[in-house]
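In what follows, a single structure is set out as structure tokens and then discussed.
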Amino acid sequence: MKKFLRITLIVIIIGLGLYLYWHFFWVFGEGVKAGQLNYVVKKGFVFKTYEGTLIQSGFKGSTAGTIQSYEFRFSIASDEIANKMMANSGKEFELHYKEYMGALPWRGATVFIVDSILSMRDTRAGSGPLGQ
């Protein structure tokens with residue numbers, strides 16, 4: 001009976017470990033999102049993480065002939081990336097991200113974790129006041 005309980009306990013621990021790895025640490029998907037950076041903010045009660053939103057413009061809205069925008073909400077992997085993005089809010093970014101099945105409090109509030117900036121460009125018409 002002790003051997004059965006020991007084996008059962010080992011199987012449960014291994015199964016729980018595999019589930020936790022799959023849900024929180026296995027990369028479900030990777031990709032690139034492009035759009036205008038809306039904001040980046042550092043927030044959290046216990047774990048302060050960087051969170052941001054990228055506005056992606058689309059051509060197909062719910063009504064014919066309308067343009068719809070999509071928000072990509074993400075967390076940021078490093079202080080260096082976050083500081084660069086905060087200094088350039090409003091610009092066009094191409095961001096590489098990893099998607100996980102679940103969020104961890106110390107990693108961020110979302111399942112999308114931005115780990116690098118592929119490109120950044122200014123979208124403003126001019127450099128002076130009011131685009132002149």
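Of all residues in the range 32-46, those satisfying the criterion of being closer than 20 Å to LEU104 by Cα, in contact with a Phe, Trp or Tyr (Cβ under 8 Å, 6 or more places away or on another chain) and not charged (D, E, K, R) are VAL40, VAL41.
Is it true that GLY35 is within 30 Å of ARG121 (Cβ to Cβ), free of Cβ contacts under 8 Å to residues at least 24 places away in the same chain and out of contact with any His (no Cβ under 9 Å at 6 or more places or on another chain)? Write out each step before concluding.
Values: within 30 Å of ARG121 (Cβ to Cβ): yes; free of Cβ contacts under 8 Å to residues at least 24 places away in the same chain: no; out of contact with any His (no Cβ under 9 Å at 6 or more places or on another chain): yes.
Here the answer is no, as GLY35 does not meet what is asked.
Listed here are the residues, each with its yes/no results for (1) in contact with a His (Cβ under 7 Å, 6 or more places away or on another chain); (2) modelled with pLDDT of 95 or more; (3) part of a strand (DSSP E or B).
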{"site": "GLY31", "(1), (2), (3)": "no, yes, yes"}
{"site": "VAL46", "(1), (2), (3)": "no, no, no"}
{"site": "GLU51", "(1), (2), (3)": "no, yes, yes"}
{"site": "ILE55", "(1), (2), (3)": "no, no, yes"}
{"site": "LYS60", "(1), (2), (3)": "no, no, no"}
{"site": "ALA64", "(1), (2), (3)": "no, no, no"}
{"site": "GLU71", "(1), (2), (3)": "no, no, yes"}
{"site": "LYS84", "(1), (2), (3)": "no, yes, no"}
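Residues of the range 83-104 being among the hydrophobic types (A, V, I, L, M, F, W, C) and closer than 13 Å to THR53 by Cβ, which ones? If the condition is that a residue be among the hydrophobic types (A, V, I, L, M, F, W, C) and closer than 13 Å to THR53 by Cβ, then MET85, MET86, PHE93, LEU95 are the ones that fit.
Being open to solvent by less than 100 Å² (accessible area, probe 1.4 Å), at negative phi and in contact with a Pro (Cβ under 6 Å, 6 or more places away or on another chain) narrows it down to one of PHE93, PHE24, PHE74, PHE47, so name that one. Lay out the reasoning, then the answer.
Working: PHE93 fails: in contact with a Pro (Cβ under 6 Å, 6 or more places away or on another chain); PHE24 fails: in contact with a Pro (Cβ under 6 Å, 6 or more places away or on another chain); PHE74 fails: in contact with a Pro (Cβ under 6 Å, 6 or more places away or on another chain).
Being open to solvent by less than 100 Å² (accessible area, probe 1.4 Å), at negative phi and in contact with a Pro (Cβ under 6 Å, 6 or more places away or on another chain) holds for just one of PHE93, PHE24, PHE74, PHE47, which is PHE47.
Before we move on, is LEU18 at pLDDT 95 or above and either within 20 Å of ASP122 (Cβ to Cβ) or open to solvent by less than 80 Å² (accessible area, probe 1.4 Å) (or both)? Break it down into steps so the answer makes sense when it comes.
Details: at pLDDT 95 or above: yes; either within 20 Å of ASP122 (Cβ to Cβ) or open to solvent by less than 80 Å² (accessible area, probe 1.4 Å) (or both): no.
In short, no.
The values are calculated or read from the model by the stated rules, or taken from the named source; none is laboratory data. Small disclaimer: the values here were computed from a predicted structure and weren't measured. Here the Cβ is made from the backbone with ideal geometry for all residues, glycine too, and neighbour counts use every protein chain on show. What goes into the accessible areas is simple: the full protein's heavy atoms, side chains included, and nothing from ligands, DNA or RNA. Shrake-Rupley method; radii C 1.70, N 1.55, O 1.52, S 1.80 Å.
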